Each structure stands twice: as structure tokens, then as C-alpha cells.
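Chemist: Okay, here's the structure, questions in a sec.
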Amino acid sequence: MLKVVVGHSEDPDSQDAIAEVLEHCLSDLDGVIPQAGILFAAIDFDHALIVKEINQVFPKIELIGCTTDGEASSVLGFQQDSLTLMLLYSDNVEIYAGVGYGAKDNPLEAAKQAVQQATEKSTNSAKLCITVPASYIEDGSTTNGELILQGLKLALGSEMPILGGTAGDQFRFTKTYQFFRNEVLTDALPVLIFSGDIKFSYGIGCGWEPIGRKSIVTKSQETVLYEIEGITALAYYERYLGDRPPTAEHPLAVYEGDSDRYYMRVPNTYDVETGSINFLGNVPEQATVQVTDISRDDVIAASETSFKNALANYPGTQPEAVLIFSCCCRRWLLGTRAKEEYQLVKNALREEVPICGFYTYGEFAPLEPHGSSYYHQETFVTLLLGTK
């Protein structure tokens, strides 16, 4: 069995908010002591107080979490400036947390450290990893989501499903926080690893429509894209957007090999002199790419696509928990319609299931069932959990 409960509060006072969340969770737990928890909190809360209160009620809990750019749950739906907590218990699934420090400068070592700590107590092999690492750590200094993912793959194996998202700070882009047991950290890589009889599935959706013909990246260096098909990246964008600068409304679709599956890369800054564009993630040389165009209706509908893909591949009879990870750029571009993403997932569920999630600064998920995980942007990720 897998028993999952969720608490959620929009009270701005940290003490009152966590008291409300814990009261709701304790009522629904009905005497069961949870093994693990996932905490998502807005940036302005007293996070040290919050994790202290959780650990006083559940002293041995395997807790991870992070600050966010928005929160969602089956208790209050989509919110901002709120606090939500998912607690999990199972008699046939092992759930252990780990953390790695120095995620910015030593992401591979941080990943190794986190995985080792989370797996050393387990009597079964790992089956699933959820991670919520740092993004911004101080005054605009950032971690590298792709190197963090690379480190987790080295530690867990390249085919291990790794899902989650990087921490947010409500578009301030200065410093994010991560939670591990009773610690509040700023440059960390927390993980929650499941083993035993856990059943799960996942799906992704973005909603942007590729336009024009597919083209090959002919010059790039990590996140800086210089040339596509021998012309500058800016000139390539101008073919489709005219003199409008590249923005989050028109990310680049980067295809995986010869397939039709792609992950998204968001333009960040550009250099008129060199014609280069700096993206919020690597764009490999020789990759196949397309500029994309936005339809807000399609972006919202992608959340339902993500959930339905996950449900179609779920190996059990009925999921017992839903985790969602959506990009902060989606929330920003959707504005007041952002709440519709959560609502579509809620409406697609056949019965009441605990839901919890947050808006991220980058998402982790495989592109397809049983595939290797990727670092995404502007993507909606659904993770279904259960044992039935």
C-alpha cells in the first residue's frame, strides 16, 4: 500500500501556515507515521521554522523540498505565496532522502554524495529518483541543471528515471533554498529515492508548435548558439520572427536524434555584434532544431496531455499520488490562466487522488517511457505514484 496525504496553506504567517498544513496532514494520516515528505514553499516564508516544525512532529522523516515560483495541490489548487507538503507512507516501498552540497561548483560530486546517502540504508535497488536542486544560489550565480542530471545518471545509471525540477524564487533570480530533513540550504542537491514495490509512470507536454523547417546547429558552445545552417542564430530567428528579439515566447525545440521528440531551450540574452543567442541550457552542435510559436490554449492543454500520457503508461490499476512540475516561464506567459494547468489535471483524474507540485526553473524527466531523463524548460511534467 501507499498512503499519501497533502496539506496546503496560503496563510502568510509561517507559524500559522505550517500549523494549518500539519493539522490537515495529521487528520488525514489517521495515526500513520509517514516515511517521507516533499515540501514546496514560497520564497518569503521562514523556512527554518517550517522544517523545524515538521521535524518536531515527524522526527525521523525523510524530507526534501525547495522554494518555488508557484505551488499547486489537491487542497487549494494553484496558488502563489503558499506552502504545501506531501507526506508518504508504505509498508512495501522504501523511501530515503539524500543531499549533496556544492551543487554549483561540484555537481557530479554533489550528485554522487546525495545518491550514496539515499541508497545506503535501502535493502532494494533504486527504481525512481525525485530531485529538487538549487538553481540560483546568490546574486545571479546559477547551477548547471544538465551537469546535475549528468551526475545523477552517473550515480544511478543512465536509464534510471529522474524527475523533478530546480528551485525557484518568484522571478527574483537571486537565491533559492532547498530543504533536507531539518536543514535549509542554498547550494544543494536533495534527492528522494524509491525502491521496492513502487509503481510509477510519467508524461510531459509543452504546447509550443515548431514552425519552419528543421535545421542543423553548425556552431555552438554549451549554452551559446552561434550558427544554424551556417547563418547566425539571430539571423535564423529573424527568418521567422522578423526584427522581434528572441524571447521565452519562442523557445527552440531541440530534437533527440532522428525522432520527433524534442526538449525545449529558452532564449535568455543575445549579442547583436556576433549574432549569437545565449540559452538557459545547452544547445549541442549538430543537433536538429526548430523555432517554435506559442498558442496559450495549446500550452494549457499540454498539461492534460502530460497527465494522460502518464496515465496511459501507468503499470498499476490506479495511481495513489500525483506530482506535477511546471516551468515558471509557463506561469509567467499564461498569467491569470496558469491555474487552468492544474485544473485540467484535476479534471482528468477518475477519482480523488492527492496532488502536489510547484513551478520550477527547469524540469527533469524522460522524453518517453523507459527512456533516459533530460533537462527541460517550458515543459509540464506529471509523475504518478502507487503500489496497487
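Chemist: Considering only DSSP beta bridges where both residues belong to the chain, give the percentage that are antiparallel (nearest 5). Show your work: numbers first, answer last.
Modeler: Values: 84 of 99 bridges.
Antiparallel bridges make up about 85 percent of those DSSP assigns within the chain.
Chemist: Mind listing which GluC sites (Glu not before Pro) in segment 262-316 are in a DSSP loop and have 12 or fewer other Cβ atoms within 10 Å?
Modeler: Details: sites: Glu273, Glu285, Glu304; in loops: Glu273, Glu285.
When the GluC sites (Glu not before Pro) of segment 262-316 are filtered for loop state and at most 12 Cβ neighbours within 10 Å, Glu273 remain.
Chemist: Calculated from the structure, semi-axes √(5λ) of the Cα gyration tensor in Å equals which of [x] 34, 21, 21; [y] 42, 23, 20; [z] 31, 25, 20?
Modeler: This structure yields the entry labelled [x].
Chemist: While we're looking at this one, here's another question. Can you check what the net charge comes to around Lys3, using other residues whose Cβ is under 13 Å from the Cβ of Lys3 (Lys, Arg +1; Asp, Glu -1)? Intermediate values should be presented prior to the final figure.
Modeler: Values: positive: Lys388; negative: Asp28, Asp30, Asp91, Glu320.
The answer is -3.
Chemist: Give, as a single signed number, the net charge of other residues whose beta carbon lies under 12 Å from the beta carbon of Gly102, with Lys and Arg counted +1 and Asp and Glu -1. Mind showing how you got there, number by number?
Modeler: On the way: positive: Lys104, Lys112; negative: Asp105, Glu109, Asp187.
Once all neighbours under 12 Å are counted, the net charge is -1.
Chemist: Would you mind putting 31-39, 67-75, 346-354, 308-316 in packing order, based on average other-beta-carbon counts within 10 Å, highest first? It would help to have the intermediate numbers written out before the result.
Modeler: Values: 31-39: 19.9, 67-75: 26.7, 346-354: 13.7, 308-316: 16.4.
Per-residue mean Cβ counts within 10 Å order the peptides as 67-75, 31-39, 308-316, 346-354.
Chemist: With each run of n ≥ 4 DSSP H residues scored as -39500 (n - 2.57), what mean residue ellipticity at 222 nm is computed for the chain after dividing by its residue count and rounding to the nearest 500 deg cm²/dmol? All intermediate terms of the calculation are to be shown ahead of the outcome.
Modeler: On the way: 8 runs with 95 residues, N = 388.
Calculated from helices alone, the mean residue ellipticity at 222 nm is -7500 deg cm²/dmol.
Chemist: On a C-alpha basis, how far is the centre of segment 11-34 from the centre of segment 366-388 in Å? Whole number, if you could?
Modeler: Here the answer is 29 Å between Cα centres.
Chemist: Find the centroid of the Cα atoms in segment 283-353 and in segment 256-279, then give the distance between the two in whole Å.
Modeler: Each part reduced to its Cα centre gives a spacing of 22 Å.
Chemist: Let me ask you something else. Please give the charge dipole size of segment 1-108, origin at the Cα centre, charges +1 on K and R Cβ atoms and -1 on D and E Cβ atoms. Round to the nearest 20 debye. Display every interim value, and only then the final one.
Modeler: Values: 4 positive and 18 negative charges, 101 e Å.
The dipole magnitude comes to about 480 debye.
Chemist: Say the dipole of the chain comes from +1 at the beta carbon of Lys and Arg and -1 at that of Asp and Glu; which of Val283, Tyr359, Val132 then lies farthest toward its positive end?
Modeler: About the Cα centre, the residue reaching furthest to the positive side is Val283.
Chemist: Also: With an 8 Å Cα cut-off and a minimum separation of 6 or more residues, compute the relative contact order for segment 276-388 in percent.
Modeler: On the way: 142 pairs, mean separation 42.4, N = 113.
Dividing the mean separation by the residue count of segment 276-388 yields 38 percent.
Chemist: List the trypsin sites (Lys or Arg not before Pro) in segment 12-118 that DSSP assigns to loop (not H, G, I, E or B) and whose Cβ has at most 12 other Cβ atoms within 10 Å. Which are they?
Modeler: On the way: sites: Lys52, Lys60, Lys104, Lys112; in loops: Lys60, Lys104.
Loop-located and lightly packed - Lys60.
Chemist: In percent, how large is the relative contact order of the chain, given Cα pairs closer than 8 Å and 6 or more residues apart? Display every interim value, and only then the final one.
Modeler: Values: 1071 pairs, mean separation 77.1, N = 388.
About 20 percent, as a whole number.
Chemist: Mind checking which lysines have their C-alpha under 18 Å from Lys175, skipping anything on the same chain fewer than 8 residues away?
Modeler: By straight Cα distance, Lys175 reaches Lys104.
Chemist: Between Asn347 and Leu76, what length in nm is gained on full extension when 0.36 nm per residue of separation is reduced by their alpha carbon distance? Walk me through the intermediate numbers first.
Modeler: Values: separation 271, 0.36 × 271 = 97.56 nm, distance 1.43 nm.
Contour length minus Cα-Cα distance gives 96.1 nm.
Chemist: With +1 on the Cβ of every Lys and Arg and -1 on the Cβ of every Asp and Glu, and nothing else charged, how large is the dipole of segment 309-388 about its Cα centre, in debye rounded to the nearest 20?
Modeler: Here segment 309-388 has a charge dipole of around 160 debye.
Chemist: Related question: Which net charge results when you count Lys and Arg as +1 and Asp and Glu as -1 among the other residues whose beta-carbon is under 10 Å from that of Ser90?
Modeler: Working: positive: Lys3; negative: Asp91, Glu94, Asp197, Glu320.
Net of charged neighbours comes to -3.
Chemist: Can you give me the distance in nm between label points at Glu368 and Asp139, each placed 7 Å from the Cα along the Cα-to-Cβ direction?
Modeler: That separation, rounded to one decimal, is 4.6 nm.
Coordinate-derived values only; no laboratory data. A quick note: this is a predicted structure, and the numbers were derived from the prediction, not measured. Note that we place each Cβ from the backbone using ideal geometry, even for glycine, and neighbour counts take in every protein chain shown.
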